[in-house]
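Enquirer: My questions all concern the structure below.
The values are calculated or read from the model by the stated rules, or taken from the named source; none is laboratory data. Predicted, not measured: the structure shown is a model, and the values here were computed from it. Glycine also receives a Cβ, built like all others from the backbone with ideal geometry; neighbour counts cover every protein chain displayed. For the accessible areas, the whole protein counts, side chains as well, though only heavy atoms, and no ligand, DNA or RNA atoms are used. Shrake-Rupley method; radii C 1.70, N 1.55, O 1.52, S 1.80 Å.
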Amino acid sequence: MSQIDPEYGISGFFYLTITGLPLSVFGWDIHPNGGVTSLLIVGTLGLLQWVFIILFVKVLKMNKFNKIILGSTLLLFVSFFSLFIYGTSPEKGIRYLLPEKYRGWVCITYNDENFPPLKEEEGFRIIKIPPSGIVKTSSPMGSHTKEGYYIPTYDEYYYYSDNGTRKAEEIELGGGYTSRREGKKEITSYFWISTKGNAKHDYEQYIKDVPNMDDNGIIEPGCGQWTKDERK
């Protein structure tokens, strides 16, 4: 920096020290234990930090037109980078607890005042799926919204059994959809789950060409785990 502009001198290092502290905190907030994404983001910001300080003095010497051009460019970059952070830093969503090696439809009804709200644990909303596959709660379906804007979230999946819980590493997620009866506030989310190596078979056996539409035009699959003798 001092080579680029002698006016910096020791003050350049002072600027870097002061502006570097927020970057360190920001990096920790993205991922406390580090990670490729956090390193990429903070590393890029660190490089821009140097460039910004170099330009800071240069801007003071610019004419009005050049200041407008530079300001517009920086505004576009900040907007793009903010969207990037928004999309790559999701908040915690739902932690699903499934019976060991669960394969079948999951049917979760939200906004039903006759049932208790979802519990929270470590920032996740907890949904424990029984063998029937049916869960009902008074909690809303999408709780991660602020001032009307959707906030990206990520979910976790665990298996539970008499031996405790473990991460559902064998899980393979299928498709799904939501439905709401006219005039009702309850909304139900349907999705099916399989395990690695069985998803294709399960789709052909239990999903493909199996509409189950009731009198109200709502497609309601057979909730719960599939049985070996269950057919289309």
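Enquirer: Quick one: ranking PHE191, PHE52 by accessible area, 1.4 Å probe, largest first, what do you get? Kindly include the intermediate steps, with their values, before the conclusion.
Expert: Numbers: PHE191 30, PHE52 120 Å².
The residues order as PHE52, PHE191, largest area first.
Enquirer: Using the structure shown, select from LYS101/LYS167; LYS128/LYS167; LYS136/LYS196; LYS101/LYS185; LYS92/LYS119; LYS119/LYS167 the pairs with a Cα to Cα distance greater than 22 angstrom. Present the calculation step by step, with values, prior to reporting the outcome.
Expert: Values: LYS101/LYS167 11 Å; LYS128/LYS167 14 Å; LYS136/LYS196 28 Å; LYS101/LYS185 33 Å; LYS92/LYS119 14 Å; LYS119/LYS167 19 Å.
In this structure, LYS136/LYS196; LYS101/LYS185 exceed 22 Å between Cα atoms.
Enquirer: Next question, about the same structure. Quick one: 3J(HN,Hα) in Hz for the stretch 121-127, Karplus 6.51/-1.76/1.60 with θ = phi - 60°, rounded, Gly and Pro as x.
Expert: 3J(HN,Hα) across the stretch 121-127, in whole Hz: 8, 6, x, 9, 7, 9, 10.
Enquirer: Can you figure out the FRET efficiency of GLU100 with VAL51, using R₀ = 45 Å and their beta-carbon distance, to the nearest 0.05? Walk me through the numbers on the way to the answer.
Expert: Working: r = 54 Å, r/R0 = 1.19.
After rounding, the FRET efficiency stands at 0.25.
Enquirer: Collect residues whose amide H, placed 1.01 Å from N in the peptide plane, falls under 5 Å from the amide H of TRP226; neighbours closer than 5 in sequence don't count.
Expert: ARG103, GLY104, TRP105
Enquirer: Please list 3J(HN,Hα) in residue order for the stretch 129-136, calculated via the Karplus relation 6.51 cos²θ - 1.76 cosθ + 1.60 where θ = phi - 60°; whole Hz, with x for glycine and proline.
Expert: Those phi angles translate into 8, x, x, 5, x, 9, 9, 10 Hz.
Enquirer: Report the gain in length on full extension from SER138 to ARG180: 0.36 nm times residue separation, minus Cα-Cα distance, nm rounded to one decimal. Please report the intermediate quantities before stating the final value.
Expert: On the way: separation 42, 0.36 × 42 = 15.12 nm, distance 1.47 nm.
Between SER138 and ARG180, full extension yields an extra 13.7 nm.
Enquirer: So, one more: With labels modelled as points extended 7 Å from the Cα through the Cβ direction, what inter-label distance (nm, one decimal) is found for GLU91 paired with LYS128?
Expert: Result: 2.5 nm between the two label points.
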